[in-house]
Protein chains: 2
Amino acid sequence: MGKQMTEMLKGTLEGIVLATLAAQPAYGYEITARLRDQGFSDIVEGTVYALLIRIEQRGLVDVEKVPSEKGPPRKVYSLNAQGGEYLAEFWKSWDFLAARIEQLHRHSDNSQHDHEGE
Amino acid sequence: MGKQMTEMLKGTLEGIVLATLAAQPAYGYEITARLRDQGFSDIVEGTVYALLIRIEQRGLVDVEKVPSEKGPPRKVYSLNAQGGEYLAEFWKSWDFLAARIEQLHRHSDNSQHDHEGE
DNA sequence: TACCGGTAGATAGCAACACTGAATAGCAAG
DNA sequence: CTTGCTATTCAGTGTTGCTATCTACCGGTA
């Protein structure tokens, strides 16, 4: 993974985590592990925790401290109503952006053997 | 457009511009107008010029000064070989990220099938 | 001529975000 | 008690896009 992915994650990682929490509440360490499992191999704990603090301070998630058998108590995050709205906006932005970019993708694929104005 | 789009553009705008240049060389003002035309209504000249200078200094584009009938000479940018490789990497990162996010999108559609609320 | 609006580019400073790299803290097993 | 795993926190850094302003060239109009 290069620097491009790093920069691409700015603005999307937040949505990714919120969407993950929408599916099912989780705590920081768990989220990091899940992301790593999904292929985001270069995301480290520090990044996720900072993000969680951010979305907590914005009131997008509810927090519950749950004692764990191993280690310090877990802070379990779950998406609340406000977070749901925010996530909906995220999807809107994403859909818009993805549509434009996919369009560019197809164009650059086409332009090799075909001439078309637009 | 909200702050989400702003943050989402970080890391993607560069690719968007490079892809645009791959389709056809252009100068800054023109690119800005084209982006505006495509719906990126909040992107301003300053942003694009700074980005173009960045990718020029990285050697991703070739520059040619072309006199214009109106205003100062245009700096026409065109993607070169190195820029092509960079763009290819961009698409790889994009494909990966888009795949993960679309997956999350479908999942969250499954868990709660309301996709519009405001 | 002198001014104004549109075209075209450049620059300085700012805010947001993810990364690096560590430190801290609790518990279990050796 | 020390090691190792779980789990969280924090300070510092770099990249990026935005805001706002400035320079410069041209044609039209008063």
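In terms of overall dimensions, the protein assembly as shown has a Cα radius of gyration and Dmax of 20.4, 74 angstrom. Between 0 and 90 degrees, rounded to the nearest ten: what's the tilt of helix A:81-110 against the longest Cα principal axis of chain A? It works out to around 30 degrees. At 222 nm, what helix-only mean residue ellipticity would chain B give, in deg cm²/dmol to the nearest 500, using -39500 (n - 2.57) for each DSSP H run of four or more? When only DSSP H runs of four or more count, the value is -20000 deg cm²/dmol.
A loss of 40 Å² or more of accessible area (1.4 Å probe, protein heavy atoms, ligands and nucleic acids excluded) relative to the isolated chain is seen in these residues of region B:64-95: B:TRP91, B:SER93, B:TRP94.
Would you mind working out the accessible area per residue for the protein assembly as shown, using a 1.4 Å probe, and quoting it in Å²?
Normalised by residue count, the accessible surface of the protein assembly as shown is 56 Å².
Only protein atoms count toward the accessible area here, which uses a 1.4 Å probe; on region B:3-111, the carbon and sulfur part of that area reaches 51 percent. My understanding is that a pair violates if its Cα-Cα distance is over 28 Å; which of A:LYS92/B:LYS75; A:LYS92/B:LYS70; B:LYS10/B:LYS75; A:LYS75/B:LYS10; A:LYS92/B:LYS10; A:LYS65/A:LYS92 do that in this structure? Over 28 Å Cα-Cα: A:LYS92/B:LYS75; A:LYS92/B:LYS70; A:LYS75/B:LYS10; A:LYS65/A:LYS92.
Ordering B:76-83, A:13-20, B:18-25 by mean Cβ neighbour count within 10 Å, with the highest value first, yields A:13-20, B:18-25, B:76-83. Across region A:7-80, counting alpha-carbon atoms alone, Rg and Dmax equal 11.8, 37 Å. State the Cα centre-to-centre distance between region B:3-64 and region A:52-98 in whole Å. Here the answer is 32 Å between Cα centres. Note on A:21-28: average number of Cβ atoms from other chains within 10 Å of each residue's Cβ is 2.
The values are calculated or read from the model by the stated rules, or taken from the named source; none is laboratory data. The structure displayed is predicted, hence computed values, not measured ones. Neighbour counts run over all protein chains shown; Cβ positions are idealised from the backbone, glycine included. Only protein heavy atoms, including side chains, enter the accessible area calculation; ligands, DNA and RNA are left aside. Shrake-Rupley method; radii C 1.70, N 1.55, O 1.52, S 1.80 Å.
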